[in-house]
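K.L.:
So that we are looking at the same thing, I have put the structure below in structure tokens.
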Amino acid sequence: MKKVTMQDIADKLNITKNSVSQALGNKNGVSEQTKLAVFKMADELGYKYKKEIAREVVKEKFALLATSFALSQRSFFGEIIDNMKQSITARQGELVIVPVTGEEAEAQQIPDLLMNENWTGIFLLSHINTAYSKQIIELGIPVVLIDHHDPHLKADAVISQNKDGAFTAVEFLIQNHHQNIGFLGDITFSPSYEERFEGYKKALGYYQIPFNEKYAITRIKEEQTSLYKTLDALDELPTAWFCVNSGLGFILNTYLQSKGYNIPRDLSIICFDNTEFTVLSKPPLTTMCTNLSFMGEKAVESMYNRIRKPDEGFVHLALATNLVVRESVNTNKKTIQP
């Protein structure tokens, strides 16, 4: 069996043999990220080195940036974060949560904590704003986006299959004899919501159902007052609604019942994201579900892959969604096959 050499490690990481030597000796000529990558590759290839030197290298430390609103959504983002912490801890690393206030994001003010520490990598969770996210990426530290992406953000990303998931949701309504299907969500807030709108329209087109613009509410705040006012202005309601997230689905369900409608006998609701809103709603909401633990796991894998191979092209990994059928859609009628 061929003996593994420093050159083998260098070739795998696309760096010089001298850089490998400096890393294995814990010298100052290379970054902590390079040292960590070299030790990891040495372990993978079976290269023998002094393990006590590796332990002297600074512990891998990752920052996770998210808005206070995102961090408050424990039933969704909390599951992602918990898995990430477990995965990083298992690799002897540390994940530090760094909240970003709305004021900091608007002013593009980077937290002092982020500037005063040596970070192995940074995770950006959900939508902050594009200018702020670009500023973080430009720090030159490996970045992975989670549950968000944007054409202007050049970084790896782990997201849901938004378009396909929305198609499946609307198809489910159509198969249960709905022709007049509304859309509810602010497509300007996030590319994910815009993709869900595209999936909604694609499903209508696939079944040759005309797109009715008056049923498509594409500019709406996720709050009761705004939604109630918008819905009150409609001349008539569709027989079913697709909502871009569970929060809007919950508010919509409350509104419809306040108007005397029975869900799902009179109107059906389906949404995206399997959060506490879907089960707290009465009746519980049918929804499209992403495996959130898996999303956290893949985000960590993407980060370590970026550290090992910093010059590779960026990868956007889209995770498939699953339909979770509950009581908010009337499924007693015979379904229509595609």
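The values are calculated or read from the model by the stated rules, or taken from the named source; none is laboratory data. This structure is a prediction, so every number in the text was calculated from the model and none was measured. Please note: Cβ atoms are built from the backbone with ideal geometry, for glycine as well, and neighbour counts cover all protein chains shown. Side chains included, ligands, DNA and RNA excluded: accessible areas come from the protein's heavy atoms. Shrake-Rupley method; radii C 1.70, N 1.55, O 1.52, S 1.80 Å.
K.L.:
Filter the range 211-223 down to the residues that are modelled with pLDDT of 90 or more and open to solvent by 100 Å² or more (accessible area, probe 1.4 Å) and list them by number.
P.N.:
Within the range 211-223, E213, K214, R219 meet the criteria.
K.L.:
Can you tell me which residue in the range 70-86 is farthest from the chain's Cα centre (by Cα), limited to those that are open to solvent by 30 Å² or more (accessible area, probe 1.4 Å) and more than 16 Å from S160 (Cβ to Cβ)? Quick ask: steps written out before the conclusion?
P.N.:
Taking the range 70-86 first, the residues open to solvent by 30 Å² or more (accessible area, probe 1.4 Å) are 71-75, 79, 82, 85-86.
Narrowing the set further to residues that are more than 16 Å from S160 (Cβ to Cβ) leaves 71-72, 74, 82, 85-86.
On the way: L71: 13, S72: 15, R74: 14, D82: 14, K85: 16, Q86: 18 Å.
The extreme case among them is Q86.
K.L.:
Here is a follow-up. Assess whether D156 counts as being acidic (D, E), in contact with a strand residue (DSSP E or B) (Cβ under 8 Å, 6 or more places away or on another chain) and open to solvent by less than 30 Å² (accessible area, probe 1.4 Å).
P.N.:
Details: acidic (D, E): yes; in contact with a strand residue (DSSP E or B) (Cβ under 8 Å, 6 or more places away or on another chain): yes; open to solvent by less than 30 Å² (accessible area, probe 1.4 Å): yes.
So D156 passes the test.
K.L.:
Of all residues in the range 243-272, which are touching a residue at least 60 places away in the same chain (Cβ under 8 Å) and more than 24 Å from Q161 (Cβ to Cβ)?
P.N.:
Passing the criteria: N253, I263, P264, R265.
K.L.:
Residues to consider are T286, T290, T275, T239; find the one that is within 20 Å of R196 (Cβ to Cβ), in contact with a Lys or Arg (Cβ under 7 Å, 6 or more places away or on another chain) and touching a residue at least 40 places away in the same chain (Cβ under 8 Å). Give the steps one after another, and end with the answer.
P.N.:
On the way: T290 fails: in contact with a Lys or Arg (Cβ under 7 Å, 6 or more places away or on another chain); T275 fails: in contact with a Lys or Arg (Cβ under 7 Å, 6 or more places away or on another chain); T239 fails: in contact with a Lys or Arg (Cβ under 7 Å, 6 or more places away or on another chain).
Matching residue, one of T286, T290, T275, T239: T286.
K.L.:
Condition test on M115, is it of a type in the set (A, V, I, L, M) and open to solvent by 80 Å² or more (accessible area, probe 1.4 Å)? Steps first, answer last, please.
P.N.:
Details: of a type in the set (A, V, I, L, M): yes; open to solvent by 80 Å² or more (accessible area, probe 1.4 Å): yes.
Answer is yes for this residue.
K.L.:
Given the criteria in contact (Cβ under 8 Å) with a residue 12 or more places away in the chain and open to solvent by less than 60 Å² (accessible area, probe 1.4 Å), does L95 qualify?
P.N.:
Values: in contact (Cβ under 8 Å) with a residue 12 or more places away in the chain: yes; open to solvent by less than 60 Å² (accessible area, probe 1.4 Å): yes.
Yes; evaluated as a whole, the condition is true for this residue.
K.L.:
Test of understanding: among F250, F242, which residue is closer than 24 Å to D186 by Cα, open to solvent by less than 20 Å² (accessible area, probe 1.4 Å) and modelled with pLDDT of 95 or more? I'd like the intermediate steps shown before the answer.
P.N.:
Numbers: F250 fails: open to solvent by less than 20 Å² (accessible area, probe 1.4 Å).
Result: F242 is the single residue among F250, F242 that is closer than 24 Å to D186 by Cα, open to solvent by less than 20 Å² (accessible area, probe 1.4 Å) and modelled with pLDDT of 95 or more.
K.L.:
Only one of T287, T230 is of a type in the set (V, I, T) and buried (at least 16 other Cβ atoms within 10 Å of the Cβ). Can you tell me which?
P.N.:
Working: T230 fails: buried (at least 16 other Cβ atoms within 10 Å of the Cβ).
Going through T287, T230 in turn, just one is of a type in the set (V, I, T) and buried (at least 16 other Cβ atoms within 10 Å of the Cβ): T287.
K.L.:
Looking only at the range 317-327, decide whether some residue is within 23 Å of the chain's Cα centre (by Cα), open to solvent by less than 40 Å² (accessible area, probe 1.4 Å) and farther than 18 Å from T168 by Cα.
P.N.:
No, because not a single residue in the range 317-327 is within 23 Å of the chain's Cα centre (by Cα), open to solvent by less than 40 Å² (accessible area, probe 1.4 Å) and farther than 18 Å from T168 by Cα.
K.L.:
Let me confirm something: among K202, K163, K221, which residue is among the basic types (K, R), within 19 Å of the chain's Cα centre (by Cα) and farther than 23 Å from F62 by Cα? Before the answer, list the steps.
P.N.:
Working: K202 fails: within 19 Å of the chain's Cα centre (by Cα); K221 fails: within 19 Å of the chain's Cα centre (by Cα).
Checking each option against the conditions leaves just K163.
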